[in-house]
Amino acid sequence: MSEKLKKPSVLIPIVAFFTLAIFVCTDLYRHFFALSVYSKIGSHFMHIMMALCIAVSFVALFWVANRTRNKYNKIIATLTTVVFPLVLFLVLSVIPLSNPAIGRESAGNAALMNYVAFGMEMFGFIVFFILLAPAVRLKMTIILCSVVLAVSVTAISCWGALNNSITDSAVNYKWELDAPEYAAKHLSRKYNCGVMKADEYHDGKNGGPSKETSFMQVASRTDRKTFDDYCKKVEAAGYVPAGQSEIESIVSRTYVKDGKMLHVYFNSKEKTARIITDPVSATPKAASYSYVTQPTDTTAIYQYALMYDNDCDNDYEYGGGIERCGMNYIIKLADNKLIVIDGGDIWQSSDAAVDGFYDLCKEITGSEDLTIACWLGTHAHGDHISFFSKFLYRYNEKVTLERYMYNYPNWKEVDNGNEDATYLLFRRFEKYAPDAMQIKPHTGETFTLGNAKLEILYTHEDAFDYRVNKTAIYDFNDTSTTYRFTFDDKTTFLVVGDMSRYAQKIVAQNYTEKTLKSDIAQAAHHGYNGLDALYPLIDAEYMFFPQGYDNAVLGENEGAGRNYKIVKKYTDEKNIFLINKETYGLIIKPDGSIEKDPTVRPYIGPDFDNGEYFDGSCY
């Protein structure tokens, strides 16, 4: 080796380049080919900075090694250049792939495996470059370093690709559902999809199943013919068809037998079939009803104004904290029945606010006695539940609730959700709407509610990763069900709840603008979650933005302000409606034309500008 190449000034840039290049390449692979949940530029920047820091550490070791290397030793050279890479490959790849239990744990804890890999690499490089004699050529040294990095880092950073190998070669569960068996090459474990009204958190069973628990298994590496054959098998077993639909890559069939529902859907993008048993939910056929819109009928959508704190320094007299969440939508159907979506937080549910909600419903229907065709819940967070719970408690004698619909996950399968407000709502459904149909929606189902077609595009069940047999949801907001309304076969309204990035990835993977393009839409998670991949596909003419003016427009909050600017790229600002200024409404005519309701209905709640606070009347 030339004297010039031995100099640290030459060696350091070479090592830095190779180390950084390998980490950046594997990071890009993981993001774009292994379909990582991250997609923001900021995330890529953070990973590149991490790689840069590691590269600097390695450079420091190279510099020390270049100054302190000992006399050449053949045994040490063999250990560091041959045995160490083999050990890395064995520990990080061969063992996890050959042992199902270790494989599942490794794939499910990729972050921990990253630390293990980096620790082993650091140790290896210390031994390699401090003890290795100068007789080994620099060129071979760099090549061997690259091999070690490529094997270990790729095995971990690109674990999404290796997950397929784990599933295909090692993980295969038996059929466990109470339904005809699917002829699958590979099956996932049985996933607990949750209940309708059972209190599985406080019942002493520690999240165990109840008589109304819904279960699912996923058949992977399947095809449409196998799926169709299974549907024939189900019908031959005495199951009666109760709903079907095809929405781009999702083909679904719903059946019923002995009062229990079986829902199956095939995903052509994933080549999977999800089979769901649901003992209590009403089927699309049973839960649907039709209404023929008359020329004088109108449909309307209102975003009910909720209390949002514009002053970050305010402390509530009751409860404390800052209220910047909650969303509440009312749809008046052509037959004068209502659909209510979510609600608001307990701190937004003052007597005055709930009374104002009733007054609005009474005004737009022209009746003191209200019929709510369906209450839809997006997800089990209190700021989407408590308001309607109190409304039902306060006005149950004037309200007939015909249906309620939500798909909340089992709290052990997906943690950090299903708050106490959820179980209080369940008890109020039992007490004040005992005859209402209960519907646990599943992806692919299509319902008819008067002049509205309601399609289910996503639930938490889609996020169950059959490759590692656990949910891929780490942000509970990704349990939000995605609903798509079509009124009179013309006007569309998309509701995404608090959808975050993982749910966005699945929805954008399964559907195109053909399905997602909407006339009216709701901005995700009060504007905090940026759906950079989804908003261009939605491309809505009107956008309900459930966030306060100061946060969104003035940009006091970085997340809401940034995403308000993104939404403005696709929706004219005059058609973006914020939730704390006034109650906004859109009138939809039978021909599909949309116009704003000219009536200004002021926000009802504490006036923070004049020093008023929440009145403490909610319960």
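The values are calculated or read from the model by the stated rules, or taken from the named source; none is laboratory data. All of these numbers come straight from a predicted model, not from anything done at the bench. So basically every Cβ, Gly included, is an ideal-geometry build from the backbone, and we count neighbours across all protein chains shown. Areas reflect the complete protein model, heavy atoms only, side chains present, ligands, DNA and RNA absent. Shrake-Rupley method; radii C 1.70, N 1.55, O 1.52, S 1.80 Å.
In the stretch 287-309, the qualifying residues are those that are over 30 Å from Arg189 (Cβ atoms) and outside any loop (DSSP other than H, G, I, E, B), and the one that is nearest to the chain's Cα centre (by Cα) is Gln303.
Yes or no, residue by residue, for (1) within 18 Å of Thr378 (Cβ to Cβ); (2) at pLDDT 95 or above:
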position: Thr482; (1), (2): yes, yes
position: Phe485; (1), (2): yes, yes
position: Phe493; (1), (2): yes, yes
position: Gly497; (1), (2): yes, yes
position: Gln504; (1), (2): yes, no
position: Gln509; (1), (2): no, no
position: Gln522; (1), (2): yes, yes
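If you go through the stretch 234-293 and pick out every residue that is more than 26 Å from Lys197 (Cα to Cα) and among the aliphatic types (A, V, I, L, M), you end up with 8.
Of all residues in the stretch 304-311, one or more are of a type outside the set (D, E, K, R) and modelled with pLDDT of 95 or more.
Condition test on Tyr535, is it touching a helix residue (DSSP H, G or I) at 6+ places or on another chain (Cβ under 8 Å), among the aromatic types (Phe, Trp, Tyr) and touching a residue at least 60 places away in the same chain (Cβ under 8 Å)? No, not satisfied. Does at least one position in the stretch 467-489 carry a residue that is of a type in the set (Gly, Ala, Ser) and within 26 Å of Glu595 (Cβ to Cβ)? For the stretch 467-489, residues of a type in the set (Gly, Ala, Ser) and within 26 Å of Glu595 (Cβ to Cβ): absent.
Would you mind listing the strands (runs of 3 or more DSSP E) fully within the stretch 363-449 where at least 1 residues are surrounded by fewer than 18 Cβ atoms within 10 Å (Cβ to Cβ)?
Values: elements: 370-376, 399-401, 403-405, 437-439.
Per the criteria, 370-376, 399-401, 437-439.
Against the conditions (1) among the basic types (Lys, Arg); (2) at pLDDT below 90; (3) more than 17 Å from the chain's Cα centre (by Cα), Arg428 satisfies every one except (2). Being open to solvent by less than 30 Å² (accessible area, probe 1.4 Å) and either within 26 Å of Thr296 (Cα to Cα) or of a type in the set (A, V, I, L, M, F, W, C) (or both) is a property that Ile346 lacks. With respect to the stated conditions, Leu554 fails to be free of Cβ contacts under 8 Å to residues at least 40 places away in the same chain, open to solvent by 10 Å² or more (accessible area, probe 1.4 Å) and in contact with a Leu (Cβ under 7 Å, 6 or more places away or on another chain).
One residue stands out among those in the stretch 226-279 that are over 21 Å from the mean Cα position of the chain (by Cα) and basic (Lys, Arg): the one that is least open to solvent (accessible area, probe 1.4 Å), which is Arg253.
Yes or no, residue by residue, for (1) at pLDDT 95 or above; (2) aliphatic (A, V, I, L, M); (3) more than 21 Å from the chain's Cα centre (by Cα):
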{"site": "Ser349", "(1), (2), (3)": "no, no, yes"}
{"site": "Tyr358", "(1), (2), (3)": "yes, no, yes"}
{"site": "Cys361", "(1), (2), (3)": "yes, no, yes"}
{"site": "Cys374", "(1), (2), (3)": "yes, no, yes"}
{"site": "Asp383", "(1), (2), (3)": "no, no, no"}
{"site": "Phe387", "(1), (2), (3)": "no, no, yes"}
{"site": "Met405", "(1), (2), (3)": "yes, yes, no"}
{"site": "Trp411", "(1), (2), (3)": "no, no, no"}
{"site": "Glu445", "(1), (2), (3)": "yes, no, no"}
